[in-house]
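Laboratory data are not the source of any read-out in this text; all were calculated from the coordinates shown. Just so it is clear, the structure is predicted and the values come from calculations on it, not from any experiment. With ideal geometry, Cβ positions are generated from the backbone for all residues, glycine too; neighbour counts draw on all protein chains shown.
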Amino acid sequence: MLEEIARVCASTALLLIAQTDGMLPIVHGGGAGLKKKFLPRLGGNSRLLTALGATEPSAGPTCSP
């Protein structure tokens with residue numbers, strides 16, 4: 001589905017990908033209670049968005065010892 005959307009509008013596809021990335025930790029690693037609490041609020045006609053923050057060990061400024 002995302003590939004077809006991206007053929008027409010790449011920015012819309014990226015918005016959907018970002019929403020999915022924010023939900024994946026809950027879907028794959030969350031317990032039943034966490035899923036029950038958050039997933040219904042993120043689907044359907046919801047206006048909530050998710051986000052995923054990631055870091056890289058070698059990114060950013062370096063400090064000299």
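Below, the figures for the structure above:
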item	result
Angle between the chain longest axis and helix 32-42 axis [Cα atoms, degrees, rounded to 10]	70 degrees
Folded to 0 to 90 degrees: helix 10-29 orientation relative to the chain principal axis, Cα	80 degrees
Gain in span if fully extended, R7 to D21, counting 0.36 nm per residue against the direct Cα distance	3.0 nm
Rotationally averaged projected area of the chain (alpha carbon convex hull; nm²)	7.3 nm²
Within-12-Å neighbourhood charge of L49 [Cβ basis; K, R +1; D, E -1]	+1
